[in-house]
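One structure is given below, encoded as structure tokens.
Just so it is clear, none of the values below were taken in a lab; they were calculated from the coordinates. This is a predicted model, so every value here is computed, not measured. Counting neighbours? That spans all protein chains shown, and the Cβs are built from the backbone with ideal geometry, glycine included.
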Amino acid sequence: MDIRIQRIYDPPSPADGCRVLVDRLWPRGIAKEAAALDHWLRDLAPSTELRRWFGHDPARWNEFRRRYAEELRTGAAAAALDGLRALAASQPVLTLLYAAHDGTHNNAAALREHLLAAPADGATPPAGPA
């Protein structure tokens, strides 16, 4: 699977393949037409509580990833994750879009890691490097 992440504020490219926004809130200053989205999967975003707790603090990254993986195993997120897995399997390239400034410590990066490391049965991926 070729799964990439990209900041939604970066210009879209044909090399992006299928473009999926994985934030709960629409990014400020981006027109929906300019985003060139194929899908917006809000249910894959971390809960508001988790997002606020994390605050993109690199010191909380490992714990954020663990808690986010738990959220991805329940409710609407689990169903959306199954749909994203199927979408990724049917596309040559899947690009997960996010709005955060930090390109390393964001939900799209954690989701990409989860997709690549966790088997389809929903097992928690290894913590890996921070």
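Sorted from largest to smallest, which semi-axis lengths in Å does the alpha carbon gyration tensor of the range 32-103 give for its equivalent ellipsoid, taking the root of 5 times each eigenvalue?
With the √(5λ) rule applied to the range 32-103, the semi-axes are 22, 17, 11 Å.
What's log10 of I(q)/I(0) for the chain at q = 0.20, 0.22 Å⁻¹, Debye sum over Cα points only, no solvent?
For the requested q values the scattering log ratios are -1.21, -1.47.
Between Ala69, Ala35, Ala15, which gets the highest mean-square fluctuation from a Gaussian network model of the chain, Cα cutoff 10 Å?
For the chain, modelled as a Gaussian network with Cα springs under 10 Å, the answer is Ala15.
Among Tyr68, Ala109, Ser47, whose Cα projects farthest towards the positive end of the dipole of the chain, with charges put on the beta-carbon of Lys, Arg (+1) and Asp, Glu (-1)?
Ser47
Show that you can apply the helix-only estimate: for the chain, add -39,500 (n - 2.57) for every DSSP H stretch of four or more residues, divide by all residues, and state [θ] at 222 nm to the nearest 500.
Values: 5 runs with 50 residues, N = 130.
Taking each H run of at least 4 residues, the total per residue is -11500 deg cm²/dmol.
In debye, nearest 20: dipole of the range 3-116 around its Cα centre with unit charges on the Cβ of K, R (+) and D, E (-)?
Dipole magnitude for the range 3-116 comes out near 120 debye.
Order these peptides, 80-90, 22-32, 97-107, by their mean beta-carbon neighbour count within 10 angstrom, highest first. Can you show the working numbers first?
Working: 80-90: 15.3, 22-32: 13.7, 97-107: 18.6.
By packing density, highest mean first, the sequence is 97-107, 80-90, 22-32.
What is the set of long-range amide H partners of Ile5 at a cut-off below 5 Å, with H atoms built 1.01 Å from backbone N?
Close amide H contacts, sequence-distant or interchain: Leu96.
Mind checking which of Pro14, Pro92, Pro58 has the largest fluctuation in a GNM of the chain, springs on alpha carbons under 10 Å?
Of Pro14, Pro92, Pro58, the Gaussian network model singles out Pro14 as fluctuating most.
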